[in-house]
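Working notes for the structure below.
The values are calculated or read from the model by the stated rules, or taken from the named source; none is laboratory data. This structure is a prediction, so every number in the text was calculated from the model and none was measured. Note that we place each Cβ from the backbone using ideal geometry, even for glycine, and neighbour counts take in every protein chain shown. Ligands, DNA and RNA are stripped out before the accessible areas are found, and what is left, the full protein with its side chains, is counted by its heavy atoms. Shrake-Rupley method; radii C 1.70, N 1.55, O 1.52, S 1.80 Å.
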Amino acid sequence: VSVPTRCTEHVIELSEGTDLFAALERSLTDFSVSGIIAEFVSGQFGHTDYVHPAYGEDAEHPMSFTEAFRVESPTELRHASATIGFREDTPFCHIHASWTAADGDTRGGHLLPGTLAGPSGLTIRLFALPDARLLSEVDPETGFSAFAPTPTSSETPASPDAVVSRVRPGEILDEAALDICRNAGFESAEVTASLGSTTGAVFTDGTASWPAVEFTHLSGTVTDGQST
């Protein structure tokens, strides 16, 4: 599900105590767009609320979430990504993150509203998409709410330099990235994923199992029709 768009890049700094969700949702108004992809660069979380993926209640709803977990002390950002758009015409933000606590323990999950920037703040890279509206709606294939792009206009932008896509369930990720670039006419591209999950994952040293592997950072390149 792909939408060609122009893309402008911005960097924002969130000071200690800033409500993460409120700040990112406000960026839609700040940059006058209906869709933003965010990549966290550096910093700390303060108070953090989060959940993990879990099995759903039935075959029509195969995925759900655990109860909420809470971290009160500051933690160091490892990776985080976000999609910022709309749900039911209201600004809505979805964030996956991982972090390291003072004792060296590493954790991660879906962040929840109420999560705050820590003592050193947070630096976040934003990709504002003026020609795409990101909508979070229930996906009939999975019964789960997910973001997907729609065009903001019936006319294709004159000089799109990006394409925003939702890769549907069951697709092989690197093949999908190549298809997206080829269909957009891009010979080379930087691939930056906002957030997502896989039904298991294959690594150089093993695999990960169901119910889901939520990634907090995913990047790559396409060069001469080859992806990495």
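The table below lists the values:
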{"quantity": "Length added when fully stretched, Thr198-Glu88, from 0.36 nm per residue minus Cα-Cα", "calculated": "37.0 nm"}
{"quantity": "Max mean-square fluctuation residue, GNM over the chain, Cα-Cα springs under 10 Å, options Glu25, Glu171, Glu214", "calculated": "Glu171"}
{"quantity": "FRET efficiency for Asp19 and Glu175, using Cβ-Cβ distance with R0 set to 41 Å, rounded to 0.05", "calculated": "0.60"}
{"quantity": "Accessible area expressed per residue, region 1-114, with surrounding protein chains retained (probe 1.4 Å, Å²)", "calculated": "50 Å²"}
{"quantity": "Cα gyration tensor category, rounded, prolate or oblate, for region 147-197 with a/c compared to 1.5", "calculated": "oblate"}
{"quantity": "Of all accessible heavy-atom area on the chain, the percent that carbon and sulfur account for (1.4 Å)", "calculated": "50 percent"}
{"quantity": "Globularity index of region 80-228, i.e. its alpha-carbon radius of gyration over 2.2 N^0.38 Å", "calculated": "1.14"}
{"quantity": "Whole-Hz ³J(HN,Hα) from phi, Karplus 6.51 cos²θ - 1.76 cosθ + 1.60, for region 120-128, glycine and proline x", "calculated": "8, x, 9, 9, 10, 9, 10, 10, 8"}
{"quantity": "The chain, dipole about Cα centre (Lys/Arg Cβ +1, Asp/Glu Cβ -1), debye to the nearest 20", "calculated": "260 debye"}
